[in-house]
Each structure stands twice: as structure tokens, then as C-alpha cells.
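Since the structure comes first, as C-alpha cells, the remarks are kept for the end.
The values are calculated or read from the model by the stated rules, or taken from the named source; none is laboratory data. Quick caveat, the model's predicted, so the values are computed rather than measured. Because the Cβ atoms are built from the backbone with ideal geometry, glycine has one as well, and the counts that use them run over all protein chains shown. We work out accessible area using only protein heavy atoms, side chains counted, and drop any ligands, DNA or RNA first. Shrake-Rupley method; radii C 1.70, N 1.55, O 1.52, S 1.80 Å.
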Amino acid sequence: MKEICLVGSPNSGKSTLFNCLTGGRQKVGNFPGVTVAKHSGKIHLSTGETTITDLPGLYSLCTYSVEESITQTILFTPSSDILLQVLDGNNLERGLFLTYQLMTLKKPLILAINMADELVTSGQHIDVDQLKAILGIPIYLISALKQHGISALLSGLQDLITLPNEESIGAQKPAPLSESEIDYLSNPDAPIDQLELCIMKIYQCIDACIIKCVSKTESSDQIASQQALDRMLTSQWIGLPLFCLMMYFVFWMTFHLGGVFSDMIDVAFSDWLMPATSSLFSLWQLEPWLSALIIEGGLSGMCGVLTFLPNIMILFASLAILEDSGYMARVAFMMDRLMGKIGLNGKAIVPLLMGFGCNAPAIMGARVLEKKEDRLVAILINPFMSCGARLPIYVLLSSIFFPMHGTLVTFSLYFLGLFVATLSALLFKQFRLSIDTSPFLLELPPYRMPSVKSLLVKVWHHSQSYLKRAGTVILAASVILWYLLNFGPNGNSDLTHSFGRYIGDAVSPIFIPLGFGTWQASLSLLTGLVAKEIVISNMAIIFGASGVNGLSNSGLIEIFTPASAYAFMVFCLLYIPCIAVISMIKSETQSWKWPLFSMLHTFSAAWFFSFLAYQIAQLLT
Amino acid sequence: MTLDQLLLGEHATIVAIHCPPVMKRRLMELGLFVGSSIQKIATSPLGDPHEFQTGIVTFSLRGLDAKMIDITLSKHGSTRRVL
């Protein structure tokens, strides 16, 4: 059976349609040979099931970034696959520009003009039958968001699959381009004058389509309101303060709103689940060590991490809103000059902000940068962006040691991360062969109300991977740690003679100048290399606290002072990234040199700034 | 006059594009040719880059690149591309 490839420009609603067609059940893998996420899923047609693959978005066949070039390679591979192009109905010209280029590939093509619902409200009308006649391609008006027109599209796909390829390709009416002109379209070194003629020919065809098929272009009111919004959000006086305020609000929400739900989960675990399991185990007359392993090791470790799921969900939702609304592109626009000062392009701000969610996908997101050196710098400074997994550490420690100033303390840490990232970029700039001079041409998508559904899908995907980690790596680490803490060289022993104690003691001298040279803190940091959340689950196990709330009145106050607690948080913020990030750096840079460099770099930065923070804090108190 | 001299809200028509081939190609892909109408929408709070609109595409361009595009002022913009 022929397979389907989903193509379209970024922001055309490609992912929404993909989720809609596959019912959200997708398989995420990698494209062969490269680590670019490959989303594929099954779609049900009346003749059976077929595979649909979501290709990375692109605007034209001539590609500039790594991700786009993957789409290009797949498109140029001869196969009998069907191309399904998604077009933004509000920006039909741009979509058709890609359509005319796709027609040169000589593959069966079907168009889905998306956002039909917005067209109705803005008073536009697209004459689909007329457009079909002009292009010779099946076209469907849909709204992926509201799921309108999907069944018609499915039957259209069905028809195209059963039709012999020669017939559907023969029906296409491409732009009048010669063979050599077609080659120019995908060749980055094409002679510019000939190419100009070729692109103009395509735009002439597009203009003909628009004149015949679109009854009313976007109303001037709408353009005016978009422009007014742009002027306000990027204005000289309030543009940047507004951005800072928005980020502050995001963290405030994460901290306070998330805290409410966190408390509920914590109570559920410590007051209900753990006692219940404990009494169940004693009813079954389970071996005491096994019951302790499950409850004190597994459950309390997992609880330490699960408690913070609401905070992380809010953070991811906020980042998704910034992205989907079109604001993120404006942030890149506003930051370009500032980023230029550290030798980067404005677009580099996007992976940095994504790093606040999770550094691993953010490092992958550095692919938006076209130059290899730019990408490397963006990758190396990314771990300083405080990810969601580090948030629980701040939330917990600041609630104990800085109960009145939680948000402020957290915000200061995020800010410090940004500062160290900037400093590092400046340092790297000294050693760079060439500083970015690549043209900054960034398309600014129209502002749009983010859809609740696509937000939920995004948040769900991230939460899923967080939960998966809690159930696998973190659970395993918690159990191992419990063993290390309850057993020593002489077998079953108490904390003071356990393996954990010895390991912690061996490492702790490094941290004495930083104020937290205790074995408990050292052991937590060491295991935190697996995943940063483990620092917290460790604390819970070490102090035998049931639930995170229990930690506040436990031994934590004995091993930390406010000064050393802050220094500890600074260390957690900056030190060696987790395994997932290290391996992502490896796969993105295709060498072990850079992950090793990153480990060394982050560790030295962490030690230095933590030392500074502790010494200054001591002077102040 | 060149595109970087265009004031906020003003409309202009492109007269010549002297950008390097890579940049010129991208501008063309956005639908910006000699004869296209362009309007300046906004300037970044830090003074650079600038935001322009041609047809229904909104994009940002640095002053340095805008300097390489010759324009003439026009009274009214049009959302139509002139070819």
C-alpha cells in the first residue's frame, strides 16, 4: 500500500492535522541515519490501514537548515508515496509557492487547505473547484483544529491511493518551467538571475490562482490589528519589559499554581498511599526488608518526583502558548541585536527558552540555526538554562529556607543561568573562527490564539516522558540508593556505616568551600547526574521522610543554612547536565569531544559560582 | 533611497536588490521582487532588526541587509505583488 508523507510550511497546522488523522497515536522514532524526530502513525482508510509520516516543515525545495534538508532528501527519493500538503488558508500564496515546487517532483499530490474556520470569520472565500481545475490536484478545505472536512479528506486520500500514479501525476498542471529551471529550484548554487525568472514564473501562476479563486484577501482591518499588536508587543519602551514580565508570570504560575496541585499529590502519597501499602504489606506478612525497599526506596523516591509534575506541566503549557501564539518569533526579533553581541543570531533565543522546559529537545531545537558553529555554541550554553527537572530542587529548598521569597529566589536562579550562558557564549566568541554574519531573515507568523487541543497534546507528550522517567530511571536509581543507604561493607547497617555514607564522604571535601560539604548533599548531587529530579528523591530517602512535606521538618535544616542552601541550588543549576542531555550533545555534535567538554565546562562554572554565592551570602549574614 | 531609511508605517516600491545571492533568493521566495510593494511595520526595541510586510508576508531584516535594497517611496501600499 502506498504511504503518505505530510508536508507543509511550519505554522500551517501540519502537526494538528497529523494528530487529527492518526488520533494522536503516533510512533516517534528517528529518520534513518540522523536523530531528527520522525513522527509516524497509522491512518484508517476504507481499503485498509496505511502509514503517514510527518516530515519536518519547509518553505521551499532549496533548504538551509539540517531539518529542512531531511525533508528534501525524502522528497527527492523516488517512491510511490503520496504527498499530502497542508496549506494555511490565510496565507494561500506562500502555500501555493510550495505546491508549485512539489509538482516538479512528479509524485501524486493532494492539498488540504487548513484553517477553513478562520477563513469564514475573516470573510474570505476560496473557490476550491476553480483552484482544483487550475492546479489539476485534489483539494480539500479543512479545519484540523475543529476537525471539519476530515472525512472528505480521508476519502480523497483513498481515491488518490487507488488511482494509478501516472494518472494523478498526468492530471497535474505545473508551472511552465523547463527541466533546467526545475533543477535550479532545489540547487542552492543556481545562477541567481535565471532563478529569479523561474521564481517569478511561479508567482505569476500563484497570482492567477489568487485572482480567480480568492474572493477577498485578508481584510485591511485584520492586517491593521495584527500590525498594531506587533507595534505594541515589540515597541521600544514596553517590548522588552513586557517580555520579562511575561517570563516572570510564567515562573510565578509554575511556582504558585503548581504548588497547590503538588501539595495534593504529596498528601495523597504520604497520608494515603504509603500507609495503605505499608499496612497491606504487613497483612501479607511480607519480609520487612522487602517492604522497606518498596516503600522507603521505590515509593518515596517516586513521590519526590511525581509531586512536581503539576509544576512541570504548567511550565510546558506556558512555553507552548508562547510558541503557538506566534510570540516566540517576536522574541527572536527583539533579541537579535542582543544575541548578536554574544555572537549568535536572534533565532538562538528559541532553543534557549525551550531549555527552561527540558534541555534535551532544546539542544535538538538548536537546529534552527543554519551555521554549524552557531549551533555548537547554542548547544553548549543550553545546559545553563534551568530545566523543569531542576525546578523541584528550588521549590523544595526555597520553601524551607526562604519561605517568604520563593518566587524571587527561583527567578534569581533562572537569571543566573542566563547570565552564565551569556558569559560562556562570550568566552566561546573569543575562540570562534567566524562570527555569525549569516543573513537574519525571519518570517514572523501572524498572531494566533493557541488551540487548547494542541496545547494539551504538547503538555501530554512532555508529561508522558517525565512520568516514564519517574517509573524507570528514577525508580531504579531510588531503589539502588536505598540499598546503598541501608547496606554497608558489613551487610545490613544503619546510615552511618552504609555504602552511601562512604561514597558521600569521599566526594564531600570538594564541596566544603561551597558550604555543603556533607555526605548527604554530595551523594544527592552524584546521583543527580542520572536525572536532576533524583536530587530531591534522594533527600526524601536519606532523611526517611514520608512525602516531600515531611522533608521540611527533617534533617535538611541541620545540614543546610540559608547561605549554603542557596549555594547548593546554584550548584544544581549549573553543574553537569543529566545523562539524557549528555547523550543528546553527543548525537547532535557527532563526537564525544563536545559532551566531555560540556561536562568539564559546566562543572567548573558550577563550582566557581556556587563558591562565589556562598562566600557573598556569608558576608551578608 | 534604501530600505533602511524607510520610516515606520511608510510604503515603498522595490527598485533594485543588491543583496548577495543567498539573501536575494530568500527574499524572492518570500515574494519580494523588483516592483514589489513593501511597508515598514516595526523596529526592534534595541534599534535593529526591522519588521517589514510585503504582500501578506511579515518578516524581519537587519539594517545592514536592508541597506542593500533600493526603494522609492510610494503613497499607498497594496497587498498585491506587482510583477
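Compared with the dominant Cα axis of chain A, that is its longest principal axis, helix A:327-341 is turned about 70°. For chain A, the average shadow cast by the Cα convex hull is 31.8 nm², which is a quarter of the hull's surface. Taking the convex hull of the alpha carbon positions in the range A:404-520 and averaging its projected area over all directions gives 14.8 nm².
Output the 0 to 90 degree angle, nearest 10, between the alpha-carbon long axis of helix A:579-589 and the longest principal axis computed from the alpha carbons of chain A. Taking Cα atoms only, the helix is inclined about 40 degrees. Calculated FRET efficiency, residue A:76 to residue A:49, Cβ-Cβ distance, R0 = 41 Å: about 0.95 to the nearest 0.05. In chain A, excluding the sites themselves, the longest stretch lacking any of the chymotrypsin sites (Phe, Trp or Tyr not before Pro) that are in a DSSP loop with at most 13 other Cβ atoms within 10 Å is A:238-591. A crude spin-label estimate for the pair residue A:121 and residue A:467, with each label 7 Å from Cα along the Cβ direction, gives 3.1 nm.
Its alpha carbons give the range A:146-296 an Rg and a Dmax of 31.6, 84 Å. Measuring heavy-atom accessible area with a 1.4 angstrom probe and counting protein chains only, the residues of the range A:48-92 that give up at least 40 Å² relative to the chain alone are A:64.
In degrees between 0 and 90, to the nearest 10, how far off the longest principal axis of chain A does helix A:391-401 point, with axes built from Cα atoms? Once rounded, the angle reads 40 degrees. Here the scattering of the range A:123-164 is modelled by Debye summation over its C-alpha atoms, one equal scatterer each and no solvent; at q = 0.19, 0.24 Å⁻¹ the log10 of I(q)/I(0) is -0.66, -0.93. Work out the P(r) tail for the range A:477-605: percent of alpha carbon pairs separated by more than 24 Å, whole number. For the range A:477-605, the share of Cα pairs beyond 24 Å comes to 32 percent. Dividing the convex hull volume of the alpha-carbon atoms in the range A:50-107 by its residue count gives 88 Å³ per residue. For chain B, count all C-alpha to C-alpha pairs, find those more than 14 Å apart, and express that count as a whole percent of the total. Value for chain B: 57 percent of Cα pairs lie more than 14 Å apart. Modelled spin-label separation between residue A:151 and residue B:70, with each label point placed 7 Å from Cα along the Cα-to-Cβ direction: 6.0 nm. Largest GNM mean-square fluctuation among B:46, B:73, B:32, using chain B with Cα springs under 10 Å: B:46.
Translational diffusion coefficient, Stokes-Einstein: compute it for the range A:383-430 using the Kirkwood radius over C-alpha pairs as Rh, at 4 °C and 1.567 mPa s, and state it as an integer in µm² s⁻¹. Using the Kirkwood radius from Cα pairs, D works out to 112 µm²/s.
The distance from the alpha carbon centre of the range A:404-478 to that of the range A:343-383 is 9 Å, rounded to a whole number.
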